[in-house]
Each structure stands twice: as structure tokens, then as C-alpha cells.
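Colleague: Take this structure, written in C-alpha cells, and hold onto it; I'll ask about it next.
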Amino acid sequence: MAKECAVCGKTISLLEKSVKLKYAGAHLCTACGHEAEQLLYGARNLNNVDDEEKLNDVIGDIKENFYAELKKSHYSPYIKSILKDELLYNIGANAFRKVIIRKYFRAGFDEADNAVYEAGKSASETVLKTDLVKTDAFSQRTYIFEKMFLRTESYTSLHVDIINSGGITIITTIGAGGGDGYSNNDWGTEKAFVSDFWRAMRAKKRMFMEKETEIDNPARIEITKDGFGVTNRIGIFGGTFDPIHLGHKALGEAALREGSIDKLIVMPAKVQPFKQGKRVTEPEHRFAMAKLTFEGNEKVEVSDYELNNTTISYTYDTMKYLQGIYPDKKLCFILGTDSFLMLEDWYKGIELLENFSFIVGDRPGYREAELDEAMLKYKSKYGTETIKITADMPDISATEIREALKADKSIDDLVTDAVERYIKENGLYN
Ligand code: ATP
């Protein structure tokens, strides 16, 4: 099959001397690959260093030089990331060292979990998901990808350990191992699988990739809660909440669990701009129902800031106001797919996308592919960071609840018991 250059997309002719990025699984045409070849030269020829003592210094120099030159290069962030991998794997293979690359993803646990599983499936014929271990501080899952080798009738287990805390997922190890998965990972044993795995992972979830580090001994991995558990992020969940329902509750709680935030501010809107002209229940009732819904959750604050405003509540203005109150915090706006897809049309939507982050719940009834496309588009146009929550959201809307109440139907599986009681006691939505 004809190969395509990963940089310019041109078809590489059979006679052309292309540059093969063996571990990243990519080819570059002669013109695009020339610079890459220079960048990787030192790492590829490490086995010519015969003095063991000098090896570390040589590796240090190679890396320093590589990163300086890479910075100056014209490659896209994606090609830069695969060149970095290529360098590290080359060092691992040529210096007879164990190299572990930890990849950090800003993504919900389930999303990262699925991506790992799917990438494993693309790379291996037999994939078994195994061992779920949870601790208080963070969760850890271990996968074992079993790959059968027919010739020897034995098999190698490949471990992929992912750890997640507050929306940050770290893939700590992937490699073949015997006995103890942490200390006996060896990149060399199953190079083909490892490169296939990362290639599949990139193809599926390019936008996840955030940061990677290299260590030379997997037994030295130390992950503490403090290292990545505290996020310095606040989530703001705005809506008409007329009434607030179990879909809202699920999204707010999932944002706390998976969205990398320490605190959730629920912000009922006085007049939601797109709902002008419609009758909206009095502010004090919507505020009271929001409080009842999140009662007992210390991480949640229900704010009456917008309700007390005399003017229309625009999300951009509210976020600016909150940023003034929390100058050191990163603010993330929480919303469902329907709202997320429309963000560019909001008042100062572009500024909103440029200045703040988003946590989005995949609302039932909307195509997930559309959500993924929008996330990619916002990222490339405005640099917007978005975390997608993949916990299932119940298919509930406030409209459905108002209609059920008008028709005298039960709403007991649509809102919390306390809200149901409140609606009855106050004779709302009759
Ligand atoms: P209505 O039916 O009156 O339009 P709604 O149920 O959509 O109301 P809003 O108050 O407009 O509720 O929603 C606030 C935010 O919550 C929006 O960003 C919306 O996308 C999100 N949201 C609402 N319901 C769900 C749900 N079931 N799952 C995920 N997100 C939801």
C-alpha cells in the first residue's frame, strides 16, 4: 500500500528514501524527513557509545539538543509529539534501558478508560480487561492485553496501568511484563504492540495528549494525591433550572468527580437570554430547588448572583465577575451538548471560548460525534480546553417535567424527592 507523508500528506513513491518513524508508526517524505533525521541521529546511534559511564551524559546532551532544535522546527504539535516519542524509544532501544513514558490526559476517567481499551483492541487480537482497584485518593485500573504467540504457544501479558484523579488520567506503564507488572515492564519485548498501541491511541484521541515524562525505572514511579489531586479549578454550572432535575444533578456531580474541579458553583439565571419572552418561575423558587438538589454536598455552592442582577444574565459577564473574585483559579463552565454546540452564537461567545474552559456532559439525544467535532474545532480555533464527561446522563429535560406536571403525571424519577415535595407545597407548574 502506498505510504503517505505524515507531515505534508504527499504519497511517498517506492523509490523515494523516506524517513521511517518506527515506533510512532509514521513515514515522512524525503523533503519533510530531512530535518527529522537530523533530530534523531544521536539517539539512533547511541549503541556506538562504548563507555557506559558516559552514556547518561551523552543522552542528556542528545535530549537537550533535540528539544532546542524541535522548538525551532516548523512541525505541527502532533508531529512534534510523535518525534518526541520516537526519540525516547530510540534512546530506550539503543541504550539498553527501560523507558517508560507516562502520558497525561485531561479527560474523564471513563473516556480515558475507553480510549485505552479501544487502542488495545486495535493493537492486539486478544484484549482482556482486568483488575479494577479503587482507593480513596485516586482510582487505578490495570489492563492486561494478552497477545498470543502461536509459534511458542506461550503468551505475553501487556500491562496498561491508568490512574485517574479529578479528571487527570495518567497512563503510567505499558509494556510486556512477567510477575510484577510495575517493575518488570520492558519496552523491548513487545515493541510492535507498544507502537501500535500509541498509534491507535493518537488516531482516536489526539486531543487528549497533554504532557509526557520519561523515567528510566518504572519501579520508581511515585504517584501521590498531592501531585495531581488538587486542581485549582472551579466549575460554574449555569442554567434556568426551571425546575432543576436529576439530569442537572448528574451533570454537576459528574463534573466534580471527573471534571478536575474542587468546587462547583450552581448559578441559576435570572432570565436566560435564549428564553426571553417565556414565563420563568420566580427566582426564589428556582434558587430554593437548586439548594435542595445539592443539599449536603460541601463542594457545591448555589449562587444567587445572577438572580439578584437587574439585567439579563450573560455567561461571559458572570464568568468575568467570578474571575475577579477568584483571580488564581481556572474557571470552567459546565454545560450539556445542546448548549455546547451553540457556544459561538452566545453573547461574546468567542471571548468565552478563548478565556475559559468547559466541562461538557454528553446529553442523551445528541450525536456524540458532533460533540467531538465541536471540541476539536474550538480547540483549534480558540485553544479552548474541554473535558468531556462520559458518565451517562439521564434523558430528562425541564420542559418534560413542566409538561408532566400540567398533565398531572408523576415526576418522581425526574427530580429529587425534596424538589418534588417543594413543587407540590408551593403549587408550582400547575
Ligand atoms: P428546558 O427543557 O426548559 O430547555 P433544560 O432541561 O435543558 O431545560 P436548562 O436549565 O436549560 O435545562 O439546562 C442547564 C444546562 O444543563 C444546559 O447546559 C443543558 O445542556 C444541561 N442539561 C440539562 N439537562 C441535561 C441532561 N439531562 N443531561 C445533560 N445536561 C443537561
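The values are calculated or read from the model by the stated rules, or taken from the named source; none is laboratory data. Just so we're clear, the structure is a prediction, and the values are computed from it rather than from any experiment. Virtual Cβ from ideal backbone geometry, glycine too; neighbours counted across all protein chains shown.
Colleague: Report, by residue number, each residue of the range 36-86 that is closer than 21 Å to Cys8 by Cα, buried (at least 17 other Cβ atoms within 10 Å of the Cβ) and without any contact (Cβ under 8 Å) to a residue 60 or more places away in the chain.
Modeller: Matches in the range 36-86: Ala36, Leu39, Leu40, Leu70.
Colleague: Which condition does Ile312 not pass, out of (1) more than 13 Å from the ligand (Cβ to nearest atom); (2) in a helix (DSSP H, G or I); (3) in contact with a Pro (Cβ under 7 Å, 6 or more places away or on another chain), if it passes all the others?
Modeller: Result: Ile312 passes all but (2).
Colleague: Exactly one condition in (1) in the same structural domain as Ala255 (by TED's automatic domain parsing); (2) exposed (fewer than 14 other Cβ atoms within 10 Å of the Cβ); (3) over 27 Å from Tyr321 (Cα atoms) is not met by Asn430; state its number.
Modeller: (1)
Colleague: Next question. Being touching a residue at least 60 places away in the same chain (Cβ under 8 Å), surrounded by fewer than 19 Cβ atoms within 10 Å (Cβ to Cβ) and among the basic types (Lys, Arg), is that true of even one residue in the range 394-410?
Modeller: The answer is yes; a qualifying residue exists.
Colleague: Tell me which residues, restricted to the range 330-341, are within 11 Å of the ligand (Cβ to nearest atom) and surrounded by 21 or more Cβ atoms within 10 Å (Cβ to Cβ).
Modeller: Phe333, Ile334, Leu335, Gly336, Thr337, Phe340
Colleague: Something else now. Between Lys388, Lys381, which is among the basic types (Lys, Arg), within 13 Å of the ligand (Cβ to nearest atom) and either over 28 Å from Thr281 (Cα atoms) or in contact with a Phe, Trp or Tyr (Cβ under 7 Å, 6 or more places away or on another chain) (or both)?
Modeller: Selected residue: Lys388, the only one of Lys388, Lys381 that is among the basic types (Lys, Arg), within 13 Å of the ligand (Cβ to nearest atom) and either over 28 Å from Thr281 (Cα atoms) or in contact with a Phe, Trp or Tyr (Cβ under 7 Å, 6 or more places away or on another chain) (or both).
Colleague: Further question on the same structure: Look through Ser313, Ser339 and report the one residue that is out of contact with any His (no Cβ under 7 Å at 6 or more places or on another chain), without any contact (Cβ under 8 Å) to a residue 12 or more places away in the chain and closer than 15 Å to Phe237 by Cα.
Modeller: The unique qualifying residue is Ser339.
Colleague: Give the range 282-304 a look and list any residue that's without any contact (Cβ under 8 Å) to a residue 12 or more places away in the chain and within 32 Å of the chain's Cα centre (by Cα), or say none.
Modeller: Across the range 282-304, the qualifying residues are Lys291, Gly296, Glu298.
Table: residues versus (1) part of a loop (DSSP other than H, G, I, E, B); (2) within 16 Å of the ligand (Cβ to nearest atom); (3) at pLDDT below 95; (4) in contact with an Asp or Glu (Cβ under 7 Å, 6 or more places away or on another chain).
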site: Glu210; (1), (2), (3), (4): no, no, yes, no
site: Glu214; (1), (2), (3), (4): no, no, yes, no
site: Ala219; (1), (2), (3), (4): no, no, yes, no
site: Glu222; (1), (2), (3), (4): yes, no, yes, no
site: Ile236; (1), (2), (3), (4): no, yes, no, no
site: Phe241; (1), (2), (3), (4): yes, yes, no, no
site: Lys249; (1), (2), (3), (4): no, yes, no, no
site: Ala255; (1), (2), (3), (4): no, yes, yes, no
site: Ser260; (1), (2), (3), (4): yes, no, yes, no
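Colleague: Check Glu400 against each of (1) closer than 18 Å to Ala250 by Cβ; (2) away from the ligand (no atom under 13 Å from the Cβ) and name the one condition it does not meet.
Modeller: Going through the list (1) closer than 18 Å to Ala250 by Cβ; (2) away from the ligand (no atom under 13 Å from the Cβ), Glu400 breaks only (2).
Colleague: Would you tally the residues in the range 411-420 being in a helix (DSSP H, G or I) and surrounded by 11 or more Cβ atoms within 10 Å (Cβ to Cβ)?
Modeller: Total satisfying the criteria: 3.
Colleague: So, of the residues in the range 1-35 that are in a loop (DSSP other than H, G, I, E, B) and among the hydroxyl-bearing types (Ser, Thr, Tyr), which turns out to be surrounded by the most Cβ atoms within 10 Å (Cβ to Cβ)?
Modeller: Among residues in the range 1-35 that are in a loop (DSSP other than H, G, I, E, B) and among the hydroxyl-bearing types (Ser, Thr, Tyr), the one surrounded by the most Cβ atoms within 10 Å (Cβ to Cβ) is Tyr23.
Colleague: Another one. (1) in contact with a Pro (Cβ under 6 Å, 6 or more places away or on another chain); (2) closer than 23 Å to Phe356 by Cα; (3) not aliphatic (A, V, I, L, M): which one isn't true of Phe287, the others all being true?
Modeller: (2)
Colleague: So the check is Cβ under 6 Å with 6+ separation or different chains; which pairs have a first residue in the range 3-20 that's more than 10 Å from Cys32 (Cβ to Cβ) and a second one that's at pLDDT below 85 and not basic (Lys, Arg)?
Modeller: Listed by first residue and then by second, the contacts come to Thr11/Ala2.
Colleague: From Glu351, Glu301, Glu344, which residue is modelled with pLDDT of 95 or more, more than 14 Å from the ligand (Cβ to nearest atom) and not in a helix (DSSP H, G or I)?
Modeller: Criteria check complete, one pass: Glu301.
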